[in-house]
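Asker: Please read through the structure below; I'll follow up with questions.
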Amino acid sequence: MIKKLRMKLIIASMMSLLAVLLIIEGIAGALNYNRIVAETDQTLEILEENNGKFPDVPPPEKPSEKKKEGRMSSELPYESRYFSVLLDSEGEVLTTDTGKIARIDTSDAVEYAKQVLKSGKERGFLEGYRYVVVNSDSEVRVIFLDCSRNLSTFQNFIITAVVVSTAGLLAVLILMIFLSARIVKPFSENYEKQKRFITDAGHELKTPLTIIDADAEVLEMDFGENEWLSDIQSQTRRLADLTNNLILLSRMEEERTKELMVEFPLSDVAEETVGTFQALAKTQNKVLESNITPMIAMKGDEKAIRRLITILLDNAVKYAKENGRICVTLEKQKKRIRLSVFNTTEQISKEHMEHLFDRFYRTDRSRNSETGGYGLGLSIAAATVEAHRGKITATTEDEKSLLITVIFPIS
């Protein structure tokens, strides 16, 4: 349990940090990308207004003179690499201008222009170039602006951000692995004290309960059977069973079952356990069916698995309605084993499903005296499944039946 708590704490912390980093990087990346697009579109707008060229360069700005809004920088024509292609309405090339870029010749420029016109877009990116399509009455001009440097800077920013974030996540993960032990230490200590208390109290209660039961038997032999002695014996046995179950549950949570893991015939165990409940189900006018695939084996604690099936069947027989149906299914599914116990019942709400495996939880407390038990059986079943690295679930489709499913991985 403590290991799971630590794991959940580490996972929650890392997922939270990852989400924050993704949001920050996403916002920063979007802002950078939008800035690149805005700057290139502003330059393309100037070229568009001047037929694919820059206007005459304005005089250099004085250091003390503030730049007027929308005014073109005097360095912009010298910093920009661009080319343009002019075509007629039929798509025939009229002129090309590649004088401001060295790596593009006339044939390359025409090829780029044809690709843009074929795409049908008026503005966008093509490889490392931002383009705009300018339509006039009988001509089409496609202007390209080299953005490879800006895009390369943007890509480097993204790569750097990912690398730094990954390194940060790893650093935080290492810190959380060490710090999580300290964080959960108070919970671990309280949990250990609780388990120790349950075990010690259980052992302390066993002796007086045994004495009370023995004394009641002596009195019964001396004075004969009577209602009060029968009640004393009945209640002491109930308390003894409750004590034994609490001690069993506490021991199971200490994860000692690993020492008892051996391969055993699960199909045979299931068949034998179902057989022991046939007579009980018949006397209560309930139909107990089984669909058990033969020759299924699993590695685990045979005694614990036998107890698990017994608990599930006992629960099904107790709560199945009169003339109801109980069905046990055991089958192999690829790399897992599926055990399910189905029973019809009077009424069970879907709200109860997530609490069925809690300690002392009862769906109908008014039936405690009728059915017996203490609400610990399914808790022991869940602990058994967890010790075998399995999964147990409870579902109801119509609130008139209950299906408990156990999945065991095949080692």
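No value in this document is a laboratory result; all are computed from the given coordinates. Just so you know, these numbers come straight off a predicted model, no measurement behind them. Positions of Cβ are backbone-derived with ideal geometry, glycine not excepted, and every protein chain shown enters the neighbour counts.
Asker: Pairs on different chains or at least eight residues apart, Cα atoms closer than 21 Å: how many lysine pairs in region 259-409 fit?
Answerer: Taking the Cα cut-off of 21 Å, the pair count is 21.
Asker: Tell me, what is the Rg over Rh of region 259-409, with Rh the Kirkwood radius over Cα pairs?
Answerer: 0.95
Asker: Please give the charge dipole size of region 259-409, origin at the Cα centre, charges +1 on K and R Cβ atoms and -1 on D and E Cβ atoms. Round to the nearest 20 debye.
Answerer: Computed charge dipole of region 259-409: roughly 180 debye.
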